[in-house]
Amino acid sequence: MIRKPNKVREKLERGETVIGTVTYAWSPTIVEVAGLAGLDFIRIDCEHSWRQDGMADNLIRAAAISDIVPLMRIDGGSPYLPMKAFEIGAGGIIAIDINSPEEAEEVVRQAKFPPTGIRGYSGQCWSGGWGTMAGKEWVEWADREQLVGVMIESSTAIKQVEEILAVEGVDYALFGPADFSMSIGLRGPQKNHPEIVDGLKATIAAAHKYNKGIMLGVGSNIEQIKKYKEMGVNMFELGSDIAVLKNVWSKTKENLLELNK
């Protein structure tokens, strides 16, 4: 474990734009490439890409090698996952489907050591250097550097988005237009629907009010990215590993077939 300042946190505190991506393929090589490409973070998805095994450790190690911050989106309903994600070395977590300030407060409680929270102590983990880098300094580093993020992804959450983002210990929010769409009965993602746009604007406003990060998945369309930057998004999640590969292969194939006409 290489203990150092969290560069995503540092960039947010300096008011800089943070750029990353997401992996669904669970490949350490992809994580390394993302870091070598100069991205700031990679979201490791544990909600829709189901893995709770040793591969998560390998992705975290690959992130350390290539100097990219691994942000782990964890399942809901388990009070132990924030601790487990941080012990294997995640630079941050994203808690799904947060609908009230009380739920956000509980995530922070599980993520922080006493007296702020109730995270259990054991330095016998990768983050603690298997006991060689544990103790008070590790505890203070973990509480200071490891980020806590929440997802705003429903019509219920948006009614209390200011209160949620006002919670001390919450560092950033990931806005989820797909599940927000589902929550208002659209039966599928519609990111440009007026209610979804209003929800994003409200989340951005709350994030700015409380000096928190606001993350959004934006794909790779530069015009779309420019629009969201002007709206106030400061954490950009570029297209996922799977989407980027699919799009490049499909587009290249189409261009190649055009040569035969």
Within the stretch 224-251, take every residue that is within 30 Å of N211 (Cα to Cα), of a type in the set (A, V, I, L, M) and touching a residue at least 24 places away in the same chain (Cβ under 8 Å) and give me the one that is surrounded by the fewest Cβ atoms within 10 Å (Cβ to Cβ). M231
For the stretch 159-174, state whether one or more residues are without any contact (Cβ under 8 Å) to a residue 40 or more places away in the chain and either out of contact with any strand residue (DSSP E or B) (no Cβ under 7 Å at 6 or more places or on another chain) or β-branched (V, I, T) (or both). yes
Where the second residue is surrounded by 15 or more Cβ atoms within 10 Å (Cβ to Cβ) and the first is assigned to a loop (DSSP other than H, G, I, E, B) and lies in the stretch 53-67, which pairs have Cβ atoms under 9 Å and are six or more apart or on separate chains? D67/K7; D67/G35
From the list V197, V233, which residue is assigned to a loop (DSSP other than H, G, I, E, B) and β-branched (V, I, T)? V233
Residues that are in a helix (DSSP H, G or I), under 21 Å from M151 (Cα atoms) and of a type outside the set (V, I, T), drawn from the stretch 204-223: A205, A206, A207, H208, K209
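Restricting attention to the stretch 85-115, which residues are in a loop (DSSP other than H, G, I, E, B) and either charged (D, E, K, R) or without any contact (Cβ under 8 Å) to a residue 24 or more places away in the chain (or both)? Lay out the reasoning, then the answer.
Residues of the stretch 85-115 that are in a loop (DSSP other than H, G, I, E, B), as a first pass: 88-91, 96-100, 112-115.
Answer for the stretch 85-115, where residues must be in a loop (DSSP other than H, G, I, E, B) and either charged (D, E, K, R) or without any contact (Cβ under 8 Å) to a residue 24 or more places away in the chain (or both): D97, K112, P114, P115.
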Breaking point among (1) over 19 Å from the mean Cα position of the chain (by Cα); (2) closer than 18 Å to I214 by Cβ, for M182: (2)
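Out of the residues in the stretch 68-77 that are part of a loop (DSSP other than H, G, I, E, B) and under 19 Å from L147 (Cβ atoms), which is modelled with the highest pLDDT?
Looking at residues that are part of a loop (DSSP other than H, G, I, E, B) and under 19 Å from L147 (Cβ atoms), I get I68.
The values are calculated or read from the model by the stated rules, or taken from the named source; none is laboratory data. The model shown is predicted, which means the values in this text are computed figures rather than measured ones. Counting neighbours? That spans all protein chains shown, and the Cβs are built from the backbone with ideal geometry, glycine included.
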